[in-house]
Amino acid sequence: MEHAIVLPFASWESFYVIVGSSAAALTGLQFVVIVLGAEVRALNVTAMRAFATPTIIHFCGALLISAILSAPWHTVESAAVCLMICGVVGLGYVANALRHAKSQKEYQLVLEDWLWHFILPATAYLTLVVASIELQMGTISALFAIAASAVFLLFIGIHNSWDSVTYIALERARSQAAEGKSAVAEGDGPASTDQVSS
């Protein structure tokens with residue numbers, strides 16, 4: 001009987017190795033994005049809490065789901081409870097990120113931001129909570145919904161990382177252009193004064 005319960009988790013092993021390792025690698029890349037953002041001062045602390053840090057949390061969420069379902073559980077219920085806690089904490093974190101996004105003044109949210117930073121992550125975590133409840137009730141097909149949540153969080157993280165990199169690159173280009181213009185303007189003034197004095 002115990003073997004029959006563990007078997008559904010074992011059959012997903014390769015899937016979660018792929019998802020978990022991808023999430024771990026992409027988490028490392030997000031640290032590079034944050035360093036680039038700090039260099040060009042593209043994000044203040046509140047904006048970072050609203051947009052950059054949640055992306056790491058979503059990658060970590062996918063990694064945590066993978067770790068939970070790769071652990072040697074003896075009962076489905078134990079794993080389901082851990083997944084449900086993960087989903088509830090994720091929902092709470094999305095609500096906290098939304099609070100930070102509303103309090104920051106540097107960036108005006110557009111529809112795409114609402115969708116990718118708040119609505120879709122909340123949907124993924126809510127799906128995880130519902131699927132974990134169904135899993136506790138013995139619905140093994142709920143494993144597909146849990147897998148979808150993990151992949152969804154991975155793709156949300158990829159999109160948001162790309163969005164951050166694009167924003168930082170544009171801010172960097174604007175900053176360099178502004179510095180170039182001010183350097184030219186400052187250079188013309190003293191140069192003409194020097195030429196007159198000589």
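The values are calculated or read from the model by the stated rules, or taken from the named source; none is laboratory data. In this text the structure is predicted, and so the values were computed from the model without any measurement. Ideal geometry is used to build each Cβ from the backbone, glycine not excepted, and the neighbour counts take in all protein chains shown.
Filtering the range 127-148 to residues that are of a type outside the set (D, E, K, R) and closer than 12 Å to residue 84 by Cα leaves 127, 128, 129, 130, 131, 132, 133, 135, 136, 146. Total residues in the range 114-129 satisfying the condition of being farther than 19 Å from residue 66 by Cβ and touching a residue at least 40 places away in the same chain (Cβ under 8 Å): the figure is 2. The single condition among (1) surrounded by fewer than 22 Cβ atoms within 10 Å (Cβ to Cβ); (2) polar (S, T, N, Q); (3) within 29 Å of residue 172 (Cβ to Cβ) that residue 136 does not satisfy is (3).
Looking only at residues of the range 157-183 that are modelled with pLDDT under 75 and acidic (Asp, Glu), we find that the one that is nearest to residue 28 (Cα to Cα) is 171.
So, residue 6, is that one at pLDDT below 90, farther than 30 Å from residue 171 by Cβ, of a type outside the set (D, E, K, R) and surrounded by 12 or more Cβ atoms within 10 Å (Cβ to Cβ) or not? Considered against the rule, which asks whether it is at pLDDT below 90, farther than 30 Å from residue 171 by Cβ, of a type outside the set (D, E, K, R) and surrounded by 12 or more Cβ atoms within 10 Å (Cβ to Cβ), residue 6 comes out as yes. You will find that of 70, 66, the residue that is of a type in the set (S, T, N, Q), over 30 Å from residue 172 (Cα atoms), modelled with pLDDT of 90 or more and surrounded by fewer than 19 Cβ atoms within 10 Å (Cβ to Cβ) is 70 and no other.
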